[in-house]
Every structure is written in C-alpha cells, then in structure tokens.
1. Kindly state, to the nearest 0.05, the FRET efficiency for residue 28 paired with residue 305, given R0 = 22 Å and r defined as their beta-carbon distance.
2. Within the chain, which cysteines find no other Cys whose Cβ is under 4.7 angstrom from their own?
3. Compute the distance in nm between two label points, each set 7 Å from the Cα along the Cα-to-Cβ direction, one at residue 5 and one at residue 132.
4. Residue by residue through the stretch 253-268, which ³J(HN,Hα) values in whole Hz follow from phi under the Karplus form 6.51 cos²θ - 1.76 cosθ + 1.60 (θ = phi - 60°), with glycine and proline marked x?
5. Report, in debye and to the nearest 20, how large the dipole of the stretch 102-277 comes out about its Cα centre when Lys and Arg carry +1 and Asp and Glu carry -1 on their Cβ.
6. Using amide H atoms built 1.01 Å from N in the peptide plane, name the residues 5+ places from residue 74, or on other chains, whose amide H lies under 5 Å from its own.
7. Count of lysine pairs in the chain with Cα atoms under 20 Å apart, counting only pairs 8 or more residues apart in sequence or on different chains?
8. For the chain, set up a GNM with springs between Cα atoms under 10 Å and report which of 103, 89, 30 has the largest fluctuation.
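Every read-out reported here was derived from the displayed coordinates using simple, explicitly stated rules and does not represent laboratory data. Just so it is clear, the model here is predicted, and its values are computed rather than measured. Here the Cβ positions follow ideal geometry from the backbone for every residue, glycine too, while neighbour counts run over all protein chains shown.
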Amino acid sequence: MSQRRAILVTGADLAPQALALLEDFDVVYAGKTPTEPDLVALCRRHDPVAIIVRYGKVGAGVMDAAPSLRVISKHGSGTDTIDKDAAKARGIEVRAAVGANAAAVAEQALALLLACAKSVVQLDGRMHAGHWDKATHKSVELHGRTIGLVGLGAIGQRFARMCDAMGMKVIGFDPFARDLPDFIRRVDLATLWRESDAISLHCPLTPENRAMLDAPTLAACKRGVIVVNTARGGLVDEAALLEAVRSGQVACAGLDSFAVEPMTAPHPFQGQPNFILSPHIGGVTGDAYVNMGVGAAKNVLAVLHAAAQAA
C-alpha cells in the first residue's frame with residue numbers, strides 16, 4: 001500500500017495541469033456519480049487529507065470516515081453541496097475556486113438571456129419545419145431595458161459588463177458586494193423585482209434565500225419578465241415558475257440549474273413552451289475545466305502547507 005497521502009476527487013477526472021500540481025499525492029477518483037456510501041468507503045480505504053468536490057455531496061458521514069482530512073476544495077465556486085457546519089466542527093477548511101468559471105457561466109447567462117429575448121430556439125424549430133414567421137414575429141430588444149442581478153460576485157459582475165455593453169440598465173442586489181462599478185445601480189430586492197425587465201440569478205444557495213423566486217416574488221415583477229438562472233436550482237420555486245410562465249407573467253425562462261439534478265423525466269418543464277433548458281453546463285468549458293481544477297488544487301496545497309507550517 002502506498003505511503004503517499006491521498007486526495008479524493010468526487011469525479012472521474014481532473015485537468016492534467018491540476019494533476020501536475022498534485023504529483024506528490026495519490027489522487028483517487030470516485031467516478032461521475034458518487035453516492036455517499038461510495039465516498040465513505042473510499043475515505044475509509046484511503047484516509048484522504050483532502051477532497052476535491054466535483055459531483056455528489058460531502059456530509060458529516062464522509063468527513064468522519066477520513067480522520068486525516070484537512071480540506072474540502074470545491075472544483076468551482078458553489079459550496080452548497082458541502083456541509084460547512086460539519087466541516088467547521090471538525091476543523092476542516094472549505095475552499096472554493098472563486099472566479100475560475102466566471103467567464104464561462106456569465107457567457108451561458110448571456111446565451112440564455114438572448115435565446116429568451118430573441119426566441120432563438122422557437123424560431124429555429126419553426127424554420128426547420130418549413131415556416132417563415134417574419135411577418136408575425138417580434139422579438140424583444142434588450143437595449144434600454146433593465147436587467148436585475150441577484151448576486152454581484154465574479155460571475156454577476158462579469159455578466160453585468162456584458163449587459164452594460166449592450167446598452168441595458170443594470171441594477172443589482174448583493175449585501176456583500178463592495179466597490180461596484182458605476183454602471184451597476186445597487187437596489188433592494190423589492191426594487192429589483194419591480195423594475196427589472198429581465199432577472200438573472202448569480203448568488204449562492206443558502207437556507208435564507210432558498211425558493212426566493214416564488215409565487216409572491218414573481219407576482220411582484222413586471223408582466224412579461226424574463227428569468228435566467230445559472231446559479232442554483234434551489235433559488236427558484238419551480239412550481240411557481242411553471243405557473244408564471246404558463247400565465248404569461250414570465251415571458252420566458254432560461255435555466256441551467258434545477259432543484260434536483262440531474263433532471264429526470266418526466267419533469268414539468270419538459271415540453272413546455274418558453275422554457276430554454278441546459279443541463280447545468282454553464283461552467284463546463286475546456287478553459288473553465290482547467291481553471292477550476294488548478295484553482296481547487298492550489299487551494300488544497302495552500303491549506304496543507306499552512307497546516308504543516310503550524311504543526
């Protein structure tokens with residue numbers, strides 16, 4: 001059995017650039033769809049000093065199966081799949097590769113916004129079916145419209161720049177954001193719902209904001225609002241959004257995140273008009289894959305180095 005310390009990756013692979021940074025460790029892969037029992041068994045077998053989280057959840061049971069565990073490092077920016085309270089209680093640090101996939105996710109948000117405003121998917125289907133709807137179709141012009149952003153971190157601010165470049169008015173809510181650029185007007189949530197022609201979610205999921213986009217919130221929005229979510233599915237009450245789209249209160253929803261992932265058929269959104277869906281691939285690009293892997297590896301090494309220095 002190897003005497004080298006182990007790092008567990010809750011996925012099937014890691015970018016070569018990240019592996020190069022971790023060459024002094026045994027890297028163990030849990031596969032593409034690891035369950036909690038899978039992770040517990042691997043932790044018992046290898047006693048990793050670090051876990052790099054790609055897929056699945058890491059809770060107290062997994063942590064307790066790895067007595068040497070010092071750091072849980074997210075391959076990306078969202079840490080809601082990690083039980084942070086359990087980690088803190090056990091002296092295990094939780095780190096995220098903040099900003100590593102910002103460009104990729106912001107571009108996906110823009111793609112979904114444009115697809116909704118310009119009826120890209122619907123018109124493509126009509127054209128392939130032999131129709132020419134020029135005389136009857138009018139798309140939405142985003143120039144001069146107001147986009148409301150919930151969350152103004154690395155992704156939200158990058159997306160805000162894109163919207164500003166298109167001539168949109170940008171308003172945003174984020175109680176933690178500092179030093180915002182001049183083109184973002186900070187507002188409270190009530191103002192954001194009321195004034196926005198389109199809303200895009202870019203915040204982490206917390207117990208406080210779960211289902212923040214619910215029936216009362218959607219009713220407070222402008223009729224015909226566009227909703228984009230590339231953050232976390234749990235931010236949205238999916239039944240309320242379905243009803244709002246069916247009624248026309250929401251003109252179109254562009255979604256890359258869902259309450260339960262992977263989405264399994266049948267799902268109420270499937271086959272519904274005015275839903276543009278993608279399988280949580282906003283941060284899945286070749287560049288982001290490298291950036292997130294390297295960021296996660298560097299976070300692991302930083303924590304382990306600090307622990308060694310303190311010992």
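1. The formula returns an efficiency of 0.60 here.
2. Cysteines lacking a close Cβ partner in the chain: 43, 163, 203, 221.
3. 6.8 nm
4. Per-residue couplings from phi come out as 10, x, 10, 10, 9, 9, 4, 10, 10, x, 4, 10, 7, x, 10, x Hz.
5. Working: 17 positive and 18 negative charges, 87 e Å.
The dipole of the stretch 102-277 has a size of about 420 debye.
6. 53, 95, 96, 97
7. So the count works out to 15.
8. 89
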